[in-house]
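Okay, so here's the structure we're looking at.
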Amino acid sequence: MSVLLVILVVVSTLAVVAATVFLFFLGSVLSRIYHSIKPHVTAQPPSLIPSLPLFRHFPATARVAFRPLANFPSPVHRIRIPQSPVSNGKDLVFSVKRDDLVSTSLYSGNKVRTLQFVIASCEAHQESYQNAKLFAIGSAGSNQVVCALTYGKSVGVNVDAVYLKSDLPDLDNALNVVSALSIVPKSRINLWDNSSGMWKLLNALFRSGPDRVFGMGGNSIAGTLGQINGALELAEQIESGQIADIDALYLPIGSSCTFTGLILGICLAQYRGIKAFQSPDFKIVAVPIHHTFAGLHRSIGIYKAEWSSYIPTLPKYNFHHVSAFLKSIGAIDSTFDLEAAAGDFLTHHVDIVADEDIVGLYGVHSTRSLRAASYDTLLQVFDGTNKSEWSAESQPPVPWICGHFVGKPFAVLLNDLERNTRNGVEKHLLLWQTKSAIQPKGPVDEWMQVKEVADDSKEFGKWLKESQPHSLLRRGYIDVADGKPEDYQFIMKETSLI
Ligand SMILES: Cc1ncc(COP(=O)(O)O)c(C=O)c1O
C-alpha cells in the first residue's frame, strides 16, 4: 500500500514538473515570437509623413517605420439582404468595413494593415543584416502567410513560409497554400509534414542570430499599431459624417492582434475626443475562431481574466506592451493610462461569443457560420463611402464569407440583425471584413509546384482533393491526380508581382 502511495506521489510530482516545464517553454516561445520583430523607430520622422490617422493624432508615432502597401482608408459599404423571411419579410441592412478591398492588384484583408508596420521594420532590419531570414508562420489556411509572401516579394524582403499544421480541408484554406506556391519557389515553403521548418523557426527564436519570425497573425507591437490605425480611421469616417455612428462592431479573433488593436484605437479615439463610438451601448462582438481558445474562454475566461496579461498574445498582454511602447516614444503622455482604459473597455464593452455551435472547429465553417454564409449570394452592396466611384463595372463584390474567420462573427451579426429587425429595433451593426477579396496568383507556375509538392507528400495531395468549396460563388477544385489548373484558377487573380 505504502509503495503504491510513493509511486503515486512520484508520478504526480513528475507530471506537475513536466507540465510546468512545458508551459514555461510554450510561454517563452510565444513571447519570443511576439517580440521577434520590434517596431523600428527613427530619431526623426521621415520628411514626407503619410497621412495616417495614427500619425496625425499622435505625431510621435510618425517615427515608427511604416511602408504604405495598399489604399486606405478602406471604404464602408451598406449591405442589404432583401426581404428576409426570418425578419417578417423586411430587408436586413448592415455595414461592412471593407478591408477586403484595399488592394486591387496584390492582396487585401486585415493583415495588410498589420504588415504595413511589420514589413517596414523588417526592411530596416535587412538593411543591417542582409542575410537575415524572415519566417511567416501559420497553419495551412493562413492569410497572414500569403500576405507576408506577397508584400515581402513586392518590397524586396525575403520571406519564407513555415506551416505549423494543416487545417481541416476547405477550399479557402487550400487556395491559400496554392497562392503561396505561386509567389515563391517551393524550397521557401516549409510544409507541416516536414520538421525542417520547425527547426528553422526554433533556431530563429532561440539563437541570437539575425533571423526573425513574423508573429502569428502578425501579432506584435508593430502589427498592433496597424490595427489601432484602423480604429482611428473608422472614427474619422464616423466623425466626418461619411457613415452614421455604430452600435456594434463584429469581428473574428485569431491571434488577437486585430481585436486588441481596435480596442486600443477606440480608446485612443475617445482620448483625442474624436466624435465616434458615442452610443451608450456601443460594443465589440468578437468571436474566437479556434475551438480550444473558445473552450478556454467558456471555462476560465481567458480573453478577459486579469492573469491573462502574463500570457503572450492575449489582449491584456498586448495592451500592456503596446501602451508601454507608445509611452516610451512620447506618443501619449503619462496622464493617460491607455492600458487601464483598454482593460476597462474589454470588461464593459466587449461580448466574446464562444458558443460551440458558432465557433465549431478551427479552420472551417461551424454549422451556424455555414448557414449564415449561405446568404452570400443574396447580399447586395448598395451604398458606401466611395459610392461616387461606382459604375456598372466597378460595383464592389460581395464580401468573401470564409469559414475560417469572418463567417463566424457574421453568423452572430446576422442573428442579432434578424432579431432586431423582427422587433423593430434599429441598431447600426458593422462587420469588419477581414478576408481579402483577392486570391492572389503570383508569377511562379503554381500548378507545377503543387504537383511536385504532392509527389513528395501524398498527404498534401489528399488534403487538397478533400478541400471542398462551401460557396456557390467559388466552386473550385484542386485535384493533382485527375484535375487541371482551370478547375480553381478562375478564383485567383493575377497579381502585378514579377
Ligand atoms: C481573414 C482573417 N480574419 C481574421 C483574422 C484574425 O485576425 P487576428 O489574427 O489579428 O486576430 C485573420 C488572421 O490571420 C485573418 O486572416
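The values are calculated or read from the model by the stated rules, or taken from the named source; none is laboratory data. Note that the coordinates shown come from a computational prediction; the quantities given were computed from them, not determined experimentally. So basically every Cβ, Gly included, is an ideal-geometry build from the backbone, and we count neighbours across all protein chains shown.
If you go through the stretch 274-286 one residue at a time, do you hit one that is under 18 Å from L346 (Cβ atoms), crowded, with 18+ Cβ neighbours inside 10 Å, within 11 Å of the ligand (Cβ to nearest atom) and within 19 Å of the chain's Cα centre (by Cα)? So far as the stretch 274-286 goes, yes, one or more of its residues are under 18 Å from L346 (Cβ atoms), crowded, with 18+ Cβ neighbours inside 10 Å, within 11 Å of the ligand (Cβ to nearest atom) and within 19 Å of the chain's Cα centre (by Cα). Residues in the stretch 58-94 that are of a type in the set (S, T, N, Q) and farther than 15 Å from Y375 by Cα: T61, N71, S74, N88. Take the conditions within 16 Å of the ligand (Cβ to nearest atom), in the same structural domain as F345 (by TED's automatic domain parsing) and modelled with pLDDT under 95 and apply them to T313. Does it pass? Judged against the criteria, T313 is a match.
So if I check each of P39, P50, P46, which one is part of a loop (DSSP other than H, G, I, E, B) and buried (at least 22 other Cβ atoms within 10 Å of the Cβ)?
Going through P39, P50, P46 in turn, just one is part of a loop (DSSP other than H, G, I, E, B) and buried (at least 22 other Cβ atoms within 10 Å of the Cβ): P39.
Summed over the stretch 416-470, the residues that are in contact with a Ser or Thr (Cβ under 6 Å, 6 or more places away or on another chain), in a helix (DSSP H, G or I) and surrounded by fewer than 18 Cβ atoms within 10 Å (Cβ to Cβ) give a count of 1. For the stretch 318-351, a residue qualifies if it is under 29 Å from D416 (Cβ atoms), within 20 Å of the chain's Cα centre (by Cα) and surrounded by fewer than 22 Cβ atoms within 10 Å (Cβ to Cβ), and the qualifying residues are V350, D351. For the condition crowded, with 24+ Cβ neighbours inside 10 Å, under 19 Å from the mean Cα position of the chain (by Cα) and in the same structural domain as I79 (by TED's automatic domain parsing), D172 does not qualify. Would you say T61 is more than 16 Å from the ligand (Cβ to nearest atom), of a type in the set (V, I, T) and under 22 Å from the mean Cα position of the chain (by Cα)? Spelling it out, it is not the case that T61 is more than 16 Å from the ligand (Cβ to nearest atom), of a type in the set (V, I, T) and under 22 Å from the mean Cα position of the chain (by Cα). Scanning the stretch 211-231 for residues that are outside any helix (DSSP H, G or I) and either within 13 Å of the ligand (Cβ to nearest atom) or of a type in the set (S, T, Y) (or both) returns F214, G215, N219, S220.
Results for (1) in contact (Cβ under 8 Å) with a residue 12 or more places away in the chain; (2) under 24 Å from F214 (Cβ atoms), shown as yes or no for each residue.
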| site | (1), (2) |
| --- | --- |
| A60 | yes, no |
| G89 | no, no |
| V93 | yes, no |
| V96 | yes, no |
| K111 | yes, yes |
| T114 | yes, yes |
| S121 | yes, yes |
| E127 | no, yes |
| N143 | yes, yes |
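If you go through the stretch 293-328 and keep only what is among the β-branched types (V, I, T) and either touching a strand residue (DSSP E or B) at 6+ places or on another chain (Cβ under 6 Å) or in a helix (DSSP H, G or I) (or both), you end up with I300, V322.
Of all residues in the stretch 329-348, exactly one satisfies the criterion of being of a type outside the set (A, V, I, L, M), assigned to a loop (DSSP other than H, G, I, E, B) and touching a Phe, Trp or Tyr at 6+ places or on another chain (Cβ under 8 Å), namely F336.
Kindly indicate whether F55 is surrounded by 23 or more Cβ atoms within 10 Å (Cβ to Cβ) and among the hydrophobic types (A, V, I, L, M, F, W, C). For F55, the condition - surrounded by 23 or more Cβ atoms within 10 Å (Cβ to Cβ) and among the hydrophobic types (A, V, I, L, M, F, W, C) - is not met.
When each of S87, S103, S95 is tested for being among the polar types (S, T, N, Q) and either within 16 Å of the ligand (Cβ to nearest atom) or at positive phi (or both), the lone residue that passes is S103.
Keeping to the stretch 171-229, report how many residues are aliphatic (A, V, I, L, M) and under 29 Å from P469 (Cα atoms).
Matching residues across the stretch 171-229 total 12.
Take P315 and decide whether it is more than 30 Å from L26 (Cα to Cα), of a type outside the set (K, R) and buried (at least 17 other Cβ atoms within 10 Å of the Cβ).
no
Starting from the stretch 243-269, take each residue that is more than 16 Å from the ligand (Cβ to nearest atom) and list its partners that are hydroxyl-bearing (S, T, Y), counting only C-beta distances under 8 angstrom and pairs at least six apart or across chains. Qualifying pairs under 8 Å: I243/S95; I243/T385; D245/S279; I246/S95; I246/S279; D247/S279.
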